[in-house]
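Beneath this line is the structure, given in structure tokens, with notes to follow.
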């Protein structure tokens with residue numbers, strides 16, 4: 001999903017996002033998007049509809065950042081409305097979901113910053129970028145071909 005990574009890097013440059021944690025509100029405001037927290041039931045965690053992003057109200061702050069970045073992936077890369085159902089194999093099943101998650105990982109942990117952090121543990125990287133450890137593992141697995149932090 002090199003296109004997703006390239007697109008995320010372009011957005012990082014466009015909005016001059018050079019420090020962690022990445023300021024997602026800067027993107028939302030400049031793109032004239034609305035962000036709402038909703039009380040979803042079941043597996044729905046995030047929706048992107050028109051110019052609105054809805055995220056799971058009960059999600060942790062770090063998960064909310066991931067959900068917002070995922071929705072921004074749909075905003076910048078895909079036509080139409082999208083709904084994110086969290087499943088273990090979600091990203092393997094649907095190309096657009098994998099692209100949006102790849103975009104989210106690159107947006108929240110830009111490679112230029114990530115490369116300087118690779119020597120740290122997964123937990124330390126997650127803390128630095130203010131993301132969940134699962135997103136760091138996703139980034140390592142797919143973009144660094146399993147290259148593991150200590």
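Points worth noting:
- Residue satisfying all of: in region 106-121; more than 11 Å from residue 22 (Cβ to Cβ) and either surrounded by fewer than 15 Cβ atoms within 10 Å (Cβ to Cβ) or at pLDDT 95 or above (or both); farthest from the chain's Cα centre (by Cα) among these: 119
- Hits in region 45-66 (condition: assigned to a helix (DSSP H, G or I) and either modelled with pLDDT under 95 or over 25 Å from residue 115 (Cβ atoms) (or both)): 61, 64
- Of residues in region 21-44 being assigned to a loop (DSSP other than H, G, I, E, B) and at pLDDT 95 or above, the one nearest to residue 130 (Cα to Cα): 21
- If you go through region 33-72 and keep only what is free of Cβ contacts under 8 Å to residues at least 40 places away in the same chain and under 23 Å from residue 9 (Cβ atoms), you end up with 35, 46, 48, 53, 64, 67, 70, 71.
- Among the residues of this structure, residue 11 does not count as one that is more than 24 Å from residue 95 (Cα to Cα), at pLDDT 95 or above and either in contact with a strand residue (DSSP E or B) (Cβ under 9 Å, 6 or more places away or on another chain) or not in a strand (DSSP E or B) (or both).
The values are calculated or read from the model by the stated rules, or taken from the named source; none is laboratory data. For clarity, every value in this text was computed on a predicted model and none was experimentally measured. Ideal geometry is used to build each Cβ from the backbone, glycine not excepted, and the neighbour counts take in all protein chains shown.
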